[in-house]
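The next block holds one structure in the form of structure tokens; read it before the comments.
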Amino acid sequence: MIHKVILADNQSVFRTGAARLFAVEDDFRIVGQCDDLPRLLKAAGSTPNATIVFAASLQPDISALVRSAIEVGSTTTAILENDESPQNYVAAGVRGIVHRDILNTELLRCVRQVGRGETYVQKRTAGGPTGFESDMVAERVRDRLTPKELKILGLILQGYKNKDIAEELKNSEQVIKNYLRSIFDKTGVSDRLELALFTMHHKILAHAASRANDSKSSATSSLLLN
């Protein structure tokens, strides 16, 4: 059975990572990618017999999206933020519910089940990966990264390229590349995509990167970063 998939997410790194994951599986075919709500709604109403994997961050009218999908024989799977409740999505008829920290194998399992007409809700366990205190890996990585490296990590999560990061932090691209090599070594990943996905799987680290850039934003209102 071939599962047709529409990916809709305004987080380009997550969408790209998911697309790469599905692309190497023989039973999946990506028939559309959307980065905003209007594209999602258009694809949902015009692509029959597909599984629509959409991010809650796009803030669609859930019931309307589900109805539109059902009209063309499609199903829906929602990607929720890690601390978001699935209740409204289940009530609206979304067949698959996962969170951003889902493992690759579990995401594949979810979309396969939903594509067969079944339901799938990712299990969340107390003290699991959503609890700050439990993620020792993320704590170790966070503590190894310098404040500047955390700022760079946060910008990568926002979709910045090396050139954009260099401009934002008033450094050269070569300096940013040097920082990235250090970050890769400390996190045990080999490229930007792996780094971003690793960070999104570890909430403590994602939170630290976000906080680093929050402080950057307030600081740069009155001075330039070195």
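The values are calculated or read from the model by the stated rules, or taken from the named source; none is laboratory data. Given the structure is predicted, the values throughout are model-derived calculations rather than measurements. Side chains are part of the model used for accessible areas, which takes the heavy atoms of the whole protein and leaves out ligands, DNA and RNA. Shrake-Rupley method; radii C 1.70, N 1.55, O 1.52, S 1.80 Å.
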Point to revise | Relative contact order %, the range 1-130, counting alpha carbon pairs below 8 Å whose residues are six or more apart | key: 21
**Study point:** Rel. contact order, % - alpha carbon contacts under 8 angstrom, at least six apart, the chain
**Key:** 17
Revision key, fill the gap. Helix 104-115 sits off the longest principal axis of the Cα atoms of the chain, rounded to the nearest 10 on a 0 to 90 degree scale, by 20
Point to revise | Whole-percent carbon and sulfur share, accessible surface of the range 2-63, 1.4 Å | key: 47
**Study point:** Rounded, prolate or oblate (a/c below 1.5 giving rounded, otherwise prolate when a/b exceeds b/c) for the range 1-88 by Cα gyration tensor
**Key:** oblate
Exercise for review: Once you've got the Cα coordinates, tell me which of K161/K186; K4/K123; K151/K186; K148/K186; K42/K161 are over 18 Å apart.
Suggested key: K161/K186; K4/K123; K42/K161
Exercise for review: Might you tell me the accessible area per residue for the range 1-95, computed with a 1.4 Å probe and given in Å²?
Suggested key: 48
Exercise for review: Treating the angle as unsigned and between 0 and 90°, give the value, to the nearest 10°, between the Cα long axis of helix 203-219 and the longest Cα principal axis of the chain.
Suggested key: 60
